[in-house]
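Asker: So that we are looking at the same thing, I have put the structure below in structure tokens.
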Amino acid sequence: MSRLPTYYVSHGGGPWPWMREQNGPRYDQLEASLQAMAREAGNGVRAVLVVTAHLETPSFMVSSAAQPGMLYDYYGFPPHTYQIHYRAPGSPALAQRVQSLLNAGGVEAGLDPERGFDHGTFSVMQATYPEARLPVVQLSLRADFDPAAHLAAGRLLAPLRDEGVLILGSGLSYHNLRLFNASGALPSQQFDAWLQTTLTAASPAERDALLTQWERAPSARIAHAREDHLIPLMVAVGAAHEEAGTCVYHEDAFSGALTTSSFRFGAAPAA
């Protein structure tokens, strides 16, 4: 079995795959990039581990339900978006494997048999694997948002890549909802330029060092006033810490004005 790459994806807003009539072409580029990700990863994917920006816990937690429910963790959307379902199974066995890998490395991690799919998971998965056949497990962020701790967690989870598990960090490369308009254009460009250099041009050691000090990046605290949508990146990078990064989605007019990107770490199996 080929070693799978890891990904950090900008997951868009709310339940967007179910809002084509309202959104028009707004998400076309993002959707195309997620479809391309599925093709890149190939047929060797047997399950997906989503590191979700929408779950924070004191220590790492892994969703372990066999049939996860849905969490409609958004507000102000059309009524039908509170009835949608992404019906992929969970995987208690994979959840236990994730927990075991983290625990073996001295990292506290527990199982959550009640956690359902949040929109950072089900929006991405609907666009990427609409047939909903692959098991999906979610990993929380640790609530302290420590970049080094999340890079280290990713390194512990790297063996999953040889076991057919696609590790997917789901966040948004620019996430300041108060400046989710033309006012965010320049800071999103500045922070994205730093991301591009850091993730695609720096050596692995330099990349880790820069990521642990991400707050020093241009417009960092404007792009991420709160870093919940950035920290999934650290796990994806950690799980491929010796491998190159590639930008797989880039848009400079998301929501009309914002620069957003997604990245792959490691080579696609077909490459």
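The values are calculated or read from the model by the stated rules, or taken from the named source; none is laboratory data. A quick note: this is a predicted structure, and the numbers were derived from the prediction, not measured. Here the Cβ positions follow ideal geometry from the backbone for every residue, glycine too, while neighbour counts run over all protein chains shown.
Asker: Yes or no: region 173-190 includes at least one residue that is surrounded by fewer than 23 Cβ atoms within 10 Å (Cβ to Cβ), over 30 Å from Leu94 (Cα atoms), under 19 Å from the mean Cα position of the chain (by Cα) and hydrophobic (A, V, I, L, M, F, W, C).
Answerer: yes
Asker: Out of everything in region 196-248 that is of a type in the set (Lys, Arg) and assigned to a helix (DSSP H, G or I), what residue ends up being surrounded by the fewest Cβ atoms within 10 Å (Cβ to Cβ)?
Answerer: Applying the first criterion (of a type in the set (Lys, Arg)) to region 196-248 yields 207, 216, 221, 226.
Checking the rest, the ones that are also assigned to a helix (DSSP H, G or I) come to 207, 216, 221.
On the way: Arg207: 21, Arg216: 10, Arg221: 15.
In this case the residue turns out to be Arg216.
Asker: Kindly list, by first and then second residue, each pair from a residue in region 120-133 that is at negative phi to a residue that is hydroxyl-bearing (Ser, Thr, Tyr), limited to pairs with Cβ atoms under 6 Å and residues at least 6 apart or on different chains.
Answerer: Pairs that qualify, where the first residue is at negative phi and the partner is hydroxyl-bearing (Ser, Thr, Tyr), are Gly120/Thr52; Gly120/Ser170; Thr121/Thr52; Phe122/Tyr86; Val124/Ser170; Met125/Tyr86; Gln126/Tyr86.
Asker: May I pose another question? Would you mind stating whether Asp252 is outside any loop (DSSP other than H, G, I, E, B) and under 26 Å from Ala153 (Cβ atoms)?
Answerer: Numbers: outside any loop (DSSP other than H, G, I, E, B): yes; under 26 Å from Ala153 (Cβ atoms): no.
No; evaluated as a whole, the condition is false for this residue.
Asker: What number goes with the only condition from (1) over 19 Å from Tyr27 (Cβ atoms); (2) touching a strand residue (DSSP E or B) at 6+ places or on another chain (Cβ under 8 Å) that Glu251 does not pass?
Answerer: (1)
Asker: Only one residue in Leu134, Leu102 is not small (Gly, Ala, Ser) and not in a helix (DSSP H, G or I). Which one? Don't jump to the end; show me each part of the working.
Answerer: Numbers: Leu102 fails: not in a helix (DSSP H, G or I).
From the options Leu134, Leu102, the qualifying one is Leu134.
Asker: Do the conditions hold for Gly266, that is, is it surrounded by fewer than 17 Cβ atoms within 10 Å (Cβ to Cβ), out of contact with any helix residue (DSSP H, G or I) (no Cβ under 6 Å at 6 or more places or on another chain) and touching a residue at least 60 places away in the same chain (Cβ under 8 Å)? Can you show your working first?
Answerer: Details: surrounded by fewer than 17 Cβ atoms within 10 Å (Cβ to Cβ): no; out of contact with any helix residue (DSSP H, G or I) (no Cβ under 6 Å at 6 or more places or on another chain): yes; touching a residue at least 60 places away in the same chain (Cβ under 8 Å): yes.
Spelling it out, it is not the case that Gly266 is surrounded by fewer than 17 Cβ atoms within 10 Å (Cβ to Cβ), out of contact with any helix residue (DSSP H, G or I) (no Cβ under 6 Å at 6 or more places or on another chain) and touching a residue at least 60 places away in the same chain (Cβ under 8 Å).
Asker: Can we say Met1 is out of contact with any Phe, Trp or Tyr (no Cβ under 7 Å at 6 or more places or on another chain), more than 15 Å from Met125 (Cβ to Cβ), at pLDDT below 95 and not charged (D, E, K, R)?
Answerer: Working: out of contact with any Phe, Trp or Tyr (no Cβ under 7 Å at 6 or more places or on another chain): yes; more than 15 Å from Met125 (Cβ to Cβ): yes; at pLDDT below 95: yes; not charged (D, E, K, R): yes.
Answer is yes for this residue.
Here's the yes/no breakdown for (1) without any contact (Cβ under 8 Å) to a residue 40 or more places away in the chain; (2) within 19 Å of the chain's Cα centre (by Cα); (3) surrounded by 22 or more Cβ atoms within 10 Å (Cβ to Cβ); (4) within 23 Å of Arg20 (Cα to Cα):
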site: Phe60; (1), (2), (3), (4): no, yes, yes, no
site: Pro68; (1), (2), (3), (4): no, yes, yes, no
site: Leu71; (1), (2), (3), (4): no, yes, no, yes
site: Tyr74; (1), (2), (3), (4): no, yes, no, yes
site: Gln83; (1), (2), (3), (4): yes, no, no, yes
site: Ala93; (1), (2), (3), (4): yes, no, no, no
site: Gly105; (1), (2), (3), (4): no, no, no, no
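One line per residue, one yes/no per condition, for (1) touching a strand residue (DSSP E or B) at 6+ places or on another chain (Cβ under 8 Å); (2) at pLDDT 95 or above; (3) closer than 20 Å to Asn181 by Cα:
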residue: Pro15; (1), (2), (3): no, yes, yes
residue: Leu34; (1), (2), (3): yes, yes, no
residue: Gly42; (1), (2), (3): no, no, no
residue: Glu56; (1), (2), (3): yes, yes, no
residue: Pro68; (1), (2), (3): yes, yes, no
residue: Leu71; (1), (2), (3): yes, yes, no
residue: His80; (1), (2), (3): no, yes, no
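Asker: Which one is surrounded by the most Cβ atoms within 10 Å (Cβ to Cβ), of the residues in region 6-31 that are in a loop (DSSP other than H, G, I, E, B) and of a type in the set (Gly, Ala, Ser)? First the steps, then the outcome.
Answerer: First, pick out the residues of region 6-31 that are in a loop (DSSP other than H, G, I, E, B): 11-15, 19, 24-27.
Filter again for of a type in the set (Gly, Ala, Ser), leaving 12-14, 24.
Numbers: Gly12: 24, Gly13: 20, Gly14: 20, Gly24: 9.
Step by step, filter region 6-31, then rank; the result is Gly12.
Asker: Among all residue pairs at least 6 apart or on different chains, which show Cβ distances below 6 Å where the first residue, located in region 229-255, is free of Cβ contacts under 8 Å to residues at least 60 places away in the same chain and the second is hydrophobic (A, V, I, L, M, F, W, C) and part of a strand (DSSP E or B)?
Answerer: From residues that are free of Cβ contacts under 8 Å to residues at least 60 places away in the same chain, the pairs are Gly245/Phe263; Gly245/Phe265; Cys247/Phe263.
Asker: A follow-up question, please. Could you run through region 203-256 and say how many residues are farther than 21 Å from Gln189 by Cβ and of a type in the set (D, E, K, R)? Write out each step before concluding.
Answerer: Taking region 203-256 and keeping what is farther than 21 Å from Gln189 by Cβ, we get 203-206, 208-209, 212, 228, 231-232, 234-244.
If we keep only those that are of a type in the set (D, E, K, R) too, we end up with 206, 208, 228, 242-243.
Residues that pass the stated criteria total 5.
Asker: Right, another one. Among the residues of region 43-78, what is the count of those that are of a type outside the set (Phe, Trp, Tyr), farther than 18 Å from His229 by Cα and not in a strand (DSSP E or B)?
Answerer: The qualifying residues number 12.
Asker: Which one of the conditions (1) more than 19 Å from Asp118 (Cβ to Cβ); (2) in contact (Cβ under 8 Å) with a residue 40 or more places away in the chain; (3) outside any loop (DSSP other than H, G, I, E, B) does Pro187 fail to meet, given that it meets all the rest?
Answerer: (2)
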